1. Farther than 29 Å from G103 by Cα and either among the β-branched types (V, I, T) or without any contact (Cβ under 8 Å) to a residue 60 or more places away in the chain (or both) - does that describe any residue in segment 251-268?
2. Would you pick out the residues in segment 75-92 that are of a type in the set (A, V, I, L, M, F, W, C) and surrounded by fewer than 19 Cβ atoms within 10 Å (Cβ to Cβ)?
3. Looking only at helices (runs of 4 or more DSSP H) that fall completely inside segment 241-325, which ones have 1 or more residues that are of a type in the set (K, R)?
4. Can you give me the number of residues within segment 53-78 that are charged (D, E, K, R) and under 13 Å from the mean Cα position of the chain (by Cα)?
5. Identify, from the list I310, I266, I306, I302, the residue that is modelled with pLDDT of 95 or more and surrounded by 16 or more Cβ atoms within 10 Å (Cβ to Cβ).
6. It is to be established whether one or more residues within segment 123-130 are buried (at least 23 other Cβ atoms within 10 Å of the Cβ) and either of a type in the set (F, W, Y) or over 19 Å from D78 (Cα atoms) (or both).
7. Could you tell me which of the residues F166, F226 is in a strand (DSSP E or B) and touching a residue at least 12 places away in the same chain (Cβ under 8 Å)?
8. Taking only segment 199-213 into account, find how many residues are surrounded by 20 or more Cβ atoms within 10 Å (Cβ to Cβ) and either touching a strand residue (DSSP E or B) at 6+ places or on another chain (Cβ under 8 Å) or in contact (Cβ under 8 Å) with a residue 40 or more places away in the chain (or both).
Amino acid sequence: MTNKNVAERIRRIAIRILFPVSPRLSKNFIRIDKAGLRSIENSINEHYHTGWRSESNYSKEEYEADVKVHLYERLESDRRMIVPWLDNAATLQNKRILEIGCGTGSSTIALAEQGSKITGIDIDEGALLVAEERSRIYGVDAEFRVLNAQEISKAFQAVRFDFIIFFASLEHMTIEERLTSLAQAWEMLPIDGLLVVVETPNRLWYFDRHTSGLPCFLWLPDELAFAYSRFSSREQFGELYREYNATSREHFLRRGMGVSFHEFDIAIGPAKNLNVISSLSTFRGVRDKLRTSRLDRRYKSIMMSIYPDIHEGFLDEMLFLIIKK
């Protein structure tokens with residue numbers, strides 16, 4: 001066994017110890033055979049890794065890593081990290097969920113296998129083709145639509161959702177799309193319905209680990225961030241953005257820019273008045289502190305002293321929020 005394999009094995013054991021999943025949830029995990037995995041992988045290669053995401057545009061290591069993320073790593077992470085957090089706030093069994101930004105469907109499976117009825121939307125048609133194939137193989141109750149999040153109110157005006165989840169998606173929207181979709185989602189929810197934000201980088205954080213791998217990057221105005229992206233060491237990023245025009249700007253913003261409580265202030269109402277019933281960091285408690293650096297803890301402490309009236313979940317590196325209407 002190579003050192004890399006040993007390190008990966010240790011990492012997986014540590015994750016299982018730090019983030020256990022209750023038998024009540026783990027008994028619902030659906031297992032598929034190798035033939036099913038191959039079918040999903042073929043769909044990823046055919047429908048998702050196309051255009052600028054084509055295999056030829058990656059190093060061998062980066063491409064293999066990205067395939068693993070979409071094939072099974074993201075599903076495993078959502079089962080262990082996200083599902084227990086959500087289920088702790090409100091059982092997922094028999095809930096109707098609108099998933100905004102379902103991508104290739106890993107999160108859809110994690111939610112649907114717990115007994116939820118999922119409607120997933122995304123603007124990436126190729127990703128949705130993968131999501132449909134994945135859902136077919138796993139045999140879960142899910143439907144998908146190619147839809148911009150600004151159109152949810154009109155598209156689902158007769159549907160009642162218990163959860164509306166922005167799953168790693170707000171950061172990939174323009175400011176207008178964020179404000180419009182947040183406002184519509186809040187209006188669509190019934191009293192006691194839950195608005196959820198998952199894995200969205202915080203604009204206020206000092207380091208961007210999501211998109212560029214650069215300090216203070218998310219603080220920059222869009223055009224300056226576009227120009228400065230050339231200093232990023234991330235593959236398939238800085239080299240794509242040279243000429244700033246409407247097309248390249250939109251592609252750049254879709255890669256992911258930070259979101260903060262300011263959007264919520266404008267779209268829904270003052271963040272300090274929102275009923276945030278949980279964030280991932282408060283749910284994890286001591287376990288969260290064990291996995292964060294001293295610098296990160298100090299930075300968050302400073303942020304909390306600046307914004308004492310805002311729930312601390314708005315001041316984490318990544319926004320993981322459950323807001324009750």
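The values are calculated or read from the model by the stated rules, or taken from the named source; none is laboratory data. Keep in mind it's a predicted model, so treat the numbers as computed, not measured. Note: ideal-geometry Cβ built from the backbone for every residue, glycine included; neighbour counts use all protein chains shown.
1. No; the residues of segment 251-268 include none that is farther than 29 Å from G103 by Cα and either among the β-branched types (V, I, T) or without any contact (Cβ under 8 Å) to a residue 60 or more places away in the chain (or both).
2. Residues of segment 75-92 of a type in the set (A, V, I, L, M, F, W, C): 75, 81-83, 85-86, 89-90, 92.
Across segment 75-92, the qualifying residues are A89, A90.
3. 246-255, 280-284, 286-290, 294-306
4. Residues that pass the stated criteria total 2.
5. Working: I266 fails: surrounded by 16 or more Cβ atoms within 10 Å (Cβ to Cβ); I306 fails: surrounded by 16 or more Cβ atoms within 10 Å (Cβ to Cβ); I302 fails: surrounded by 16 or more Cβ atoms within 10 Å (Cβ to Cβ).
The unique qualifying residue is I310.
6. Scanning segment 123-130 turns up no residue that is buried (at least 23 other Cβ atoms within 10 Å of the Cβ) and either of a type in the set (F, W, Y) or over 19 Å from D78 (Cα atoms) (or both).
7. Details: F226 fails: in a strand (DSSP E or B).
The unique qualifying residue is F166.
8. Residues flagged as surrounded by 20 or more Cβ atoms within 10 Å (Cβ to Cβ) and either touching a strand residue (DSSP E or B) at 6+ places or on another chain (Cβ under 8 Å) or in contact (Cβ under 8 Å) with a residue 40 or more places away in the chain (or both) within segment 199-213 amount to 9.
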